[in-house]
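To start, the structure under review is shown below, and the notes come after it.
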Amino acid sequence: MGIVCIYCNVANPDKEKTCIACGAPLKKTTLVATKPEAVKPAIANKPAETVEAARKIATAYSSIWKAFFDAIIIAAVAFAIGLSGGIVNQPLFGVLGAALLGFAVSFTIKSGITTLISAPVGLLVGSIFCIMALILNLPAFLYPVFLTIWACITAVFGGTKIPYNVRTTWYKIRPLLGTTGGFVFGLMGMGVGLGLQVVYTNLAQFLQELG
Ligand SMILES: [Zn+2]
């Protein structure tokens, strides 16, 4: 009884054509929520309100987990992009990149687990580009730009395409929160990066004076 949304993991009643949590179209043939025999008799005996209440709790629970995963990923990856911008002394690219990442993650609707993997993989690919940039001696602003581009591509990749106007309220607000979160954590990362860069510069200078 029910279809689990492949994007946000929320269990939906059979009659729903689109996900009650995120608005994604539900495919009845692909995923069915319960292992029928074991669970059904117990649920069938309970009054309808109890079942409905349990479903609401389950929905809220998986939504909270998903929001939690989103927040962790935005915080960590935005911090990393901000940090890269600070280290190479391109704070603006770091912070704007972090905000963009926050938007990409929060605008995209996909399952919590996929969210956890996506942007970090992009960060990894971006890092390979940064190493190439270092070898080729490319301009410094490209480091945060590479990280941003790849993290955003992987964050968006595999998400469902639900037009903004048919989304549920939470999924309409989410991009706003995500972008703000990305900006704030990018700012923090950038501050740390700038600090590291100043320490490094002074240390190098100090060592040069010694030698
Ligand atoms: Zn959904």
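The values are calculated or read from the model by the stated rules, or taken from the named source; none is laboratory data. On a predicted model such as this, the values are computed, not experimentally measured, just so you know. Cβ coordinates were reconstructed from backbone atoms using ideal geometry, including for glycine residues, and neighbour counts include every protein chain displayed.
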Exercise for the section: Any residue in segment 11-32 that's farther than 17 Å from K66 by Cβ: show its pairings with residues that are hydroxyl-bearing (S, T, Y) and modelled with pLDDT of 75 or more at Cβ separation under 6 Å, as long as the two are six or more apart or on different chains. Expected result: P25/T18
Problem - Candidate set: segment 3-28, residues that are more than 9 Å from the ligand (Cβ to nearest atom) and surrounded by 17 or more Cβ atoms within 10 Å (Cβ to Cβ); chosen: the one farthest from S63 (Cα to Cα) - result: I3
Completion exercise
The number of residues in segment 141-172 that are away from the ligand (no atom under 16 Å from the Cβ) and either modelled with pLDDT of 90 or more or within 22 Å of I87 (Cβ to Cβ) (or both) is 17
Exercise for the section: Working carefully through the options L177, L138, L123, find the one that is closer than 16 Å to S84 by Cβ and assigned to a helix (DSSP H, G or I). Expected result: L123
Exercise for the section: Exactly one condition in (1) over 19 Å from I73 (Cβ atoms); (2) surrounded by 18 or more Cβ atoms within 10 Å (Cβ to Cβ); (3) hydrophobic (A, V, I, L, M, F, W, C) is not met by A140; state its number. Expected result: (2)
Handout entry: Sole residue being within 18 Å of the chain's Cα centre (by Cα), crowded, with 22+ Cβ neighbours inside 10 Å and farther than 16 Å from A119 by Cα, chosen from G178, G189
Key = G189
Problem - Meets criteria (at pLDDT 75 or above and in contact with a helix residue (DSSP H, G or I) (Cβ under 9 Å, 6 or more places away or on another chain)) for A44 - result: no
Handout entry: segment 67-117: number of residues that are of a type outside the set (G, A, S), in contact with a Lys or Arg (Cβ under 9 Å, 6 or more places away or on another chain) and surrounded by fewer than 21 Cβ atoms within 10 Å (Cβ to Cβ)
Key = 1
Completion exercise
K66 meets each of (1) away from the ligand (no atom under 16 Å from the Cβ); (2) more than 13 Å from G186 (Cα to Cα); (3) at pLDDT 80 or above; (4) in a helix (DSSP H, G or I) with one exception, condition (1)
Problem - Subset of segment 141-156 (residues that are in a helix (DSSP H, G or I) and of a type in the set (F, W, Y)) - result: Y143, F146, W150
Handout entry: Matching residues in segment 160-175 - criterion: being out of contact with any Asp or Glu (no Cβ under 8 Å at 6 or more places or on another chain) and surrounded by 10 or more Cβ atoms within 10 Å (Cβ to Cβ)
Key = T160, I162, Y164, V166, R167, T168, W170, Y171, K172, I173, P175
Fill in the blank from the handout: Of the residues in segment 136-172, those that are over 20 Å from T115 (Cα atoms) and touching a helix residue (DSSP H, G or I) at 6+ places or on another chain (Cβ under 9 Å) number 9
Practice task
For segment 118-134, state whether one or more residues are in contact with a helix residue (DSSP H, G or I) (Cβ under 6 Å, 6 or more places away or on another chain), touching a residue at least 60 places away in the same chain (Cβ under 8 Å) and surrounded by 24 or more Cβ atoms within 10 Å (Cβ to Cβ).
Solution key: no
